[in-house]
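Undergrad: Okay, handing you the structure first.
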Amino acid sequence: MRPFVLSTVAGLLCTVTSLSTVQGTASLLELDAPYLSNNSLYFPQNAGAWQNPNSTAPARISEHENPFPMAECYGVALEEATIDQMQGWMAGGKLTSRQLVQCYLGRILQLNEYVNAIQEINPDVFMIADQLDAERANGTVRGPLHGIPVVVKDNMATKDKMETTAGSYALLGSIVPRDAHIVKLLREKGAVLLGKATLDEWASMRTNSKSSGYSARGGQSRNAYNLSTAPGGSSSGSCQAVASNMIPISFGTETDGSVIGPARRASLVGFKPTVGLTSRAGVIPESVHQDTVGSFGRTFKDAIYALEGIVGVDPRDNYTSAQQGPKDGNYTQFLATKDALKGAKFGLPWLSLWNQTGNKADVPQLLKVVDQLKAAGATIINGTEFPHYKDVISPRGWDWTVGPSPLLTAGYRVNVDFYNNIRDYLSELNNTNLRGVEDLIAYNIEYTGIEGGIPGTVAGFRSGQDGFMESLETKGEMNSSYYECLAYLDRVSRTEGIDAALSYTYPNGTEIKLDALLVPSGSGSTNLPATAGYPMVTMPIGVNAHSVPVGIALIGTAWSEATLIRYGSAIDDLVQGRKKPQFIEWWSKLVPVDYSV
């Protein structure tokens, strides 16, 4: 075992730079089985290494296809395993939940120092697994998540021994009043909360020019496909943990792009639901109008199992009172095969999204998928545009500051919301004097050596905390300009936005309703559905020339989860684009990481 794993605090997992470590099991050997039988697995397998570019000596180490092979779990091949497979193994007595936890912790010990996706381990994880194993032995299985290890993003409150900090030292030691509602639901449904994932600090709210996946507390999360490139954010660790088989499923949040973007760069299915389908209570906020909690899986079904686990009405979040969907919460019933594509109708908003500068490198690969969809019987209609796209969508890529005026942009609304929403969140915390964005700014300046509050002092926060400063400038004033902005954004993103694009009129006057909009997963495709609060799902379609995954996505109207699940799963079944990571440049410690590829 590595030296950093041996640093312990009795009974707890002690947070170190890239991994929380454990004490309190029967022995550290028990934690590590079955990996300990082959110590070499803790080191990259004949996988090349950094070489001085000025050296004339030949490389001593050659490349290997996979420097981090995953060992079997008590005789079972756990790599890329699905929830159904794990449930079958547990039902058949081949594995227990405790053994699953042991094996995933072994994988974390093997890999996390390189990928840095897991920020903290739950000290109670074995106790939880044992309780659920006992229930199973007595004939009780709560559902598909029973005994399945999961991680949540470090902006979701857990009323246990773990911290909830959004990656910031400012919240270290603060005490939350209760579990976030989605965490409460996961516990009730039998999920084993293994730990928390790294993220862009404050879910990308604090800094406009930053390193993707970076936070002061968590450090730099990396892309397991090419560790010199960006993991995407802000749910970076949640995605990379699933992608690299440190965990089967995970959960993230999105205000604009933070589920879809990192899922795309991790070759995952990422499902971002309608705002209000999942409660935000107990989640560190950005904008009450745009925040939502989503799910990640290596398969479409696993991502939907995860989604089912967090859907529910919550009196602490009044947006959930408008939920529309199956009363029994069964969303897996909508899963389909590629046969469902026969007769499906998808629109391509070409000028607004496909033609964005940020998407052009991926377009040839994306168009191959379009051809596959046509061959499978789908109708693809090009030119189904958003009426106001020239006013609200950048031709370059992601940008929530685009609008007819600075006070008619999603960015302005988010800045006002954050000022008020973070004040409300902080007001419920104990063991902290932080009560507003003013305090966060002051903390980051005082500790700029680690938190980078002053621009240029920390490589991961190049522009300091300009995002916080922009929110501070608004003072959270919900004045006439704010309400005018709300009305404008609702109109141009919904009725005169996505809903208008979904209603297509042929040149001969015939009108049809499209099932969904088909878009690239990258660049600015998330802006309008985020502004509208509408659902979106991304599916993997392969990797680009830099071995970074590429995805294609569907956008729907409000509460159209069933439709997106039906056609998203059908596309995923057709394309089968999931690729396992190859850990290119496993030695990379670049900060900032490269987001250009």
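Undergrad: Once the piece of chain linking ASP499 and THR56 is laid out straight, how much longer is it, given 0.36 nm per residue of separation minus the C-alpha distance between them?
TA: Between ASP499 and THR56, full extension yields an extra 153.4 nm.
Undergrad: Please find the FRET efficiency linking MET127 to TYR447, where r is the Cβ-Cβ separation and R0 is fixed at 41 Å, and quote it to the nearest 0.05.
TA: 0.75
Undergrad: Could you give the nm distance between label points at LEU172 and TRP350, where each point is 7 Å from its Cα heading toward the beta carbon?
TA: Roughly 5.4 nm, to one decimal.
Undergrad: Expressed as a whole percentage, what fraction of the accessible surface of the chain belongs to carbon and sulfur atoms when a 1.4 Å probe is rolled over the protein heavy atoms?
TA: Using a 1.4 Å probe with all protein chains present, the chain comes out at 52 percent carbon and sulfur.
Undergrad: Related question: Based on alpha-carbon positions alone, could you give the equivalent ellipsoid semi-axes of the range 244-357 from the gyration tensor, as √(5λ), descending, whole Å?
TA: One finds semi-axes of 23, 19, 17 Å for the range 244-357.
Undergrad: Compute the signed sum of charges (Lys and Arg +1, Asp and Glu -1) over the other residues within less than 13 Å, Cβ to Cβ, of ALA340.
TA: My count for the surroundings of ALA340 gives 0.
Undergrad: Take the Cα atoms of the chain, find their three principal axes, and give me the spread along each one in whole Å, biggest first.
TA: Over the chain, Cα extents along the principal axes are 71, 65, 56 Å.
Undergrad: For ARG396 and VAL141, what does the FRET efficiency come to when R0 = 60 Å and r is the distance between their Cβ atoms, rounded to the nearest 0.05?
TA: 0.75
Undergrad: Okay, moving on. Taking Cα pairs under 8 Å and at least six residues apart, what relative contact order does the range 72-575 come out at, in percent?
TA: This gives 17 percent for the range 72-575.
Undergrad: Show me the GluC sites (Glu not before Pro) within the range 441-491 that DSSP assigns to loop and that have at most 12 other Cβ atoms within 10 Å of their Cβ.
TA: Filter output for the range 441-491: GLU477.
Undergrad: Quick check on the chain: helices-only [θ] at 222 nm, where DSSP H runs of length 4 and up contribute -39,500 (n - 2.57) each and the sum goes over total residues. Nearest 500, please.
TA: -8000 deg cm²/dmol
Undergrad: Which loop-located trypsin sites (Lys or Arg not before Pro) does the range 431-501 contain, where loop means any DSSP state but H, G, I, E or B and the Cβ has at most 15 other Cβ atoms within 10 Å?
TA: Passing both the DSSP loop test and the Cβ count: ARG435, LYS475.
Undergrad: Straight distance only, please: which aspartates and glutamates reach the Cα of LYS589 with their own Cα at less than 17 Å, same-chain residues fewer than 8 apart left out?
TA: Cross-link targets: GLU113, ASP200.
Undergrad: Next question, about the same structure. Spelling out what I want: for every residue of the range 395-408, take phi, set θ = phi - 60°, compute 6.51 cos²θ - 1.76 cosθ + 1.60 (Karplus), and round to whole Hz; glycine and proline get x.
TA: These are the phi-based 3J(HN,Hα) values: x, 8, x, 4, 5, 8, 9, 7, x, x, 7, x, 8, 10 Hz.
Undergrad: Now for a separate question. Points 7 angstrom from Cα along the Cβ direction at LYS94 and GLU79: gap in nanometres?
TA: With each label point 7 Å from Cα toward Cβ, the separation is 1.7 nm.
Undergrad: If you take every DSSP beta bridge whose two residues both sit in the chain, what share of them, in percent to the nearest 5, is antiparallel?
TA: Bridges in the chain are about 70 percent antiparallel.
Undergrad: Taking 7 Å along the Cα-to-C-beta vector as the label spot, tell me the ASP339-GLU473 distance in nanometres, rounded to one decimal.
TA: 5.7 nm
Undergrad: In the chain, with Lys and Arg counted as +1 and Asp and Glu as -1 at Cβ, which of these residues, ASN444, LEU277, HIS181, has the Cα nearest the positive end of the dipole, that is, farthest along it?
TA: Of the listed residues, the answer is LEU277.
Undergrad: Could you give the length gained by full extension between VAL597 and ARG423, i.e. 0.36 nm per residue of separation minus their alpha carbon distance, to one decimal place?
TA: Result for the pair: 59.0 nm of gain on full extension.
Undergrad: With θ set to phi - 60° and the Karplus curve 6.51 cos²θ - 1.76 cosθ + 1.60, what are the ³J(HN,Hα) couplings of the range 183-192 in order, to the nearest whole Hz, using x for Gly and Pro?
TA: My calculation for the range 183-192 gives 5, 4, 5, 4, 4, 4, 8, x, 5, 9 Hz in order.
Undergrad: If r is the Cβ-Cβ distance from LEU590 to ILE512 and R0 is 56 Å, what FRET efficiency results, to the nearest 0.05?
TA: Calculated value: 0.70.
Undergrad: Leaving out ligands and nucleic acids, note down the accessible area per residue over the chain with a 1.4 angstrom probe, in whole Å².
TA: Computed with neighbouring chains in place, this is 36 Å² per residue.
Undergrad: If you place +1 on the Cβ of every Lys and Arg and -1 on the Cβ of every Asp and Glu, how big does the dipole about the Cα centre of the chain come out, in debye to the nearest 20?
TA: Using only the charged Cβ atoms, the result is roughly 880 debye.
Undergrad: Could you tell me what fraction of 2.2 N^0.38 Å the Cα radius of gyration of the range 194-249 comes to, as a two-decimal ratio?
TA: So the range 194-249 has a normalised radius of gyration of 1.05.
The values are calculated or read from the model by the stated rules, or taken from the named source; none is laboratory data. The shown structure was predicted, so the numbers you read here are calculated from the model rather than taken from an experiment. Methodologically, a virtual Cβ is constructed for each residue, glycine included, from the backbone with ideal geometry; neighbour enumeration extends over all protein chains shown. Quick note on the areas: whole protein, heavy atoms, side chains included, nothing else; ligands and nucleic acids left out. Shrake-Rupley method; radii C 1.70, N 1.55, O 1.52, S 1.80 Å.
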